[in-house]
Amino acid sequence: MFSYVVVQQAWTRSSGRCECARGNHQHPGRCNRLLIWERRTGESKPGAWVAESKSGQFRPDASDCEIVCWQCYTAGRA
Ligand SMILES: [Zn+2]
Ligand SMILES: [Zn+2]
C-alpha cells in the first residue's frame, strides 16, 4: 500500500480525476472521470477510485502512484 502522503500527492496531481489513459478502455485519451476523495477503494459507487501502482511494487513515490476510477480499475490494464 502507498502511504497517505504519496496518495495525497498523486491525488493533487490528478486534480481529483481519473488518470487512466489505457488504450483498450472505452474512454479516448485520458479518462478524467471526476472522483471523490472520501470514496477511495473497493466500491462501485460514483466517484470511487483506487491508487494503483504503475510498477506493481508500490514504490514510496507519487510517480509510481496512479489515481484511477473504479470502472477503469476493474476494466484492467492495457
Ligand atoms: Zn477512469
Ligand atoms: Zn481507463
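Read-outs: derived from the displayed coordinates by stated rules, not from any lab. Fair warning: this is a prediction, and the values are worked out from it, not measured in the lab. Here Cβ is always computed from backbone atoms with ideal geometry, including for glycine, and neighbour counts include all displayed protein chains.
Going from the residue with the fewest nearby Cβ atoms within 10 Å to the one with the most, E19, E43, E52, E38 rank E38, E43, E52, E19.
With bins 10 Å wide beginning at 0, the percent of Cα pairs of the chain falling in each bin runs 22, 56, 22, 0.
So how do I36, I67 line up by other beta-carbon neighbours within 10 Å, fewest first? Don't jump to the answer; show the numbers that get you there.
Working: I36 12, I67 25.
Lowest to highest Cβ neighbour count: I36, I67.
Cysteines in the chain lacking any other cysteine Cβ under 4.7 Å from their own Cβ: C65.
For C72, C31, which order do you get if you count the other beta carbons within 10 Å of each Cβ and list the fewest first? Intermediate results must be reported in sequence, preceding the final value.
Working: C72 24, C31 21.
Neighbour counts put them in this order, fewest first: C31, C72.
Contact order, relative form, for the chain: 34 percent (alpha carbon pairs under 8 Å, 6 or more residues apart, mean separation divided by residue count).
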